[in-house]
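The values are calculated or read from the model by the stated rules, or taken from the named source; none is laboratory data. Quick caveat, the model's predicted, so the values are computed rather than measured. Don't worry about glycine lacking a Cβ; one is built from the backbone with ideal geometry, like all the others, and counts go over all protein chains shown. In case anyone asks, the SASA skips ligands and DNA or RNA and just uses the protein heavy atoms, side chains included. Shrake-Rupley method; radii C 1.70, N 1.55, O 1.52, S 1.80 Å.
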Amino acid sequence: MQVKTTKENGMNDERYIRNERMLSPEENRQLRSFRVAVVGCGGLGGYLIEMLARLGIGHLTVIDADVFEASNLNRQLFSLPGNLGEPKAHEAGRRVKLINPDISCTVVQQRLNTENAGDILAGHDVICDALDNVSSRRAVEASASRLGIPMVFAAIAGWYAQVGTVMPGQQLMNKIYPEEVEKGAEKHLGNPSFTPALAASLQVAETLKVLLGKEGVLRNKLLMINTLDHEYQVIDI
Amino acid sequence: MVVTVRLFATLREGRDKVIQLELDSGSTPGDVIDQLGISQKDVAILLVNGRDGQMDQVLSSQDTVSLFPPVGGG
């Protein structure tokens, strides 16, 4: 079955029809002009990339230096028994093409650090932090701030997650990570399938609101998620 | 004086979620975590009465101290 397209804007009419009530037609069109970088293509990143591609964000840059391992299969959306050993960023790029041929995708198989982050992240409208270590998160936050790009943060550990948005000039990492800490509670809790999916969904909602200039962004705030006791609270940070 | 301590996520393991502590006047959140056997590196976010707090700030009677561990996975 063919997906119907309109000649005026080249968009697939039917593809976005379920987005067209919660966003205005103009907002939906706008999504095609945005560029979003997803740093990390693992637990959070896989779900982020999947959802951003289905929303129709015009350009995605997907960044990860690692390859898939068997221990990723419990939660990382793009990991499969058949692609273990393959670079995560390449598999993410392949998935984007399969999901949505309307949008473009740049694949970066590198680890971001203070030297290369500026060049890789420049020119994006939002950066989604889907990393798994504090020093890389700090490097991305510093680059995002220098470049004037909002960064949407999430971190997970077992039953727990945190989500927030860092606007340029603000700092989050030095408020939520002690100086010597590189990993958090995930070091002994690990991560299941559902926490990254939940946190990534909230990151996508934040990303969409930032891109479209909507209210209700978690600016100077952090959403603390506890799925074990079902406690969800927003704290000022 | 009595302060209320609210523990979150993994800091609850082996402890209650909400603890009432009897402390000497002049006590700080640093004293609270020592008394509870929590290491300072396991506390990422410290709130006093819902606002950003410091380990060495002097607490008042009826204050609420909230402690969150670092969460960093992706």
The percentage of the accessible area of chain A (probe 1.4 Å, all protein chains present) made up of carbon and sulfur atoms, to the nearest whole number, is 50
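Rounded, prolate or oblate: which fits region A:21-236 when a ≥ b ≥ c are the square roots of the eigenvalues of the alpha-carbon gyration tensor, with rounded for a/c under 1.5 and prolate only if a/b beats b/c?
On the way: a/c = 1.25, a/b = 1.05, b/c = 1.20.
Judged from the Cα gyration tensor, region A:21-236 comes out rounded (a/c under 1.5).
Whole number in Å², please: accessible area per residue of region A:21-236, 1.4 Å probe, ligands, DNA and RNA not counted. Mind dumping the intermediate values first?
On the way: 9000 Å² over 216 residues.
Normalised by residue count, the accessible surface of region A:21-236 is 42 Å².
What fraction of the DSSP beta bridges in region B:2-68 is antiparallel, stated in percent and rounded to the nearest 5? Spell out each step's value before the answer.
Working: 11 of 15 bridges.
If I count the DSSP bridges inside region B:2-68, around 75 percent turn out antiparallel.
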XL table A:K214/B:K41; A:K221/B:K41; B:K17/B:K41; Cα-Cα > 26 Å flagged, in table order, is A:K214/B:K41
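Exactly which GluC sites (Glu not before Pro) in region A:204-234 are in a DSSP loop and have at most 12 other Cβ atoms within 10 Å?
Details: sites: A:E206, A:E215, A:E231; in loops: A:E215.
For GluC sites (Glu not before Pro) across region A:204-234 that sit outside H, G, I, E and B with at most 12 neighbouring Cβ atoms in 10 Å, the list reads A:E215.
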So the FRET efficiency between B:Q40 and A:L228, C-beta based with R0 = 25 Å and rounded to 0.05, is 0.55
Rounded to whole angstrom, the alpha-carbon centroid of region A:65-135 lies from that of region B:6-52 at a distance of 38
In region A:134-169, the residues losing 30 Å² or more of accessible area (1.4 Å probe, heavy atoms of protein chains only) relative to their chain alone are A:Y160, A:Q162
For chain A, longest principal axis from Cα atoms; helix A:194-212 axis from its Cα atoms; angle between them, nearest 10 degrees, is 60
Any residue on another chain or 5+ positions along whose placed amide H is under 5 Å from the amide H of A:L218 is listed here as A:T165
Measure of exposure for A:H90: accessible area at 1.4 Å probe, Å² rounded to 10, is 90
The base-10 log of I(q)/I(0) that the Debye equation returns for chain B at q = 0.25 Å⁻¹, one scatterer per C-alpha, is -1.22
Buried accessible area between A and B, both sides, 1.4 Å probe, in Å² rounded to 100, is 1900
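What is chain B's relative contact order, in percent, from Cα pairs under 8 angstrom and six or more apart in sequence?
Details: 130 pairs, mean separation 31.2, N = 74.
Once divided by the residue count of chain B, the mean separation gives 42 percent.
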To the nearest 10 degrees, the tilt of helix A:43-55 (Cα long axis) against the first principal axis of the alpha carbons of chain A is 20
Yeah, region B:23-65 with a ≥ b ≥ c from its alpha-carbon gyration tensor (a/c under 1.5 is rounded, else prolate when a/b outruns b/c, oblate otherwise) is oblate
Ordering A:F78, A:F194 by the accessible surface of their heavy atoms, 1.4 Å probe, largest first, yields A:F194, A:F78
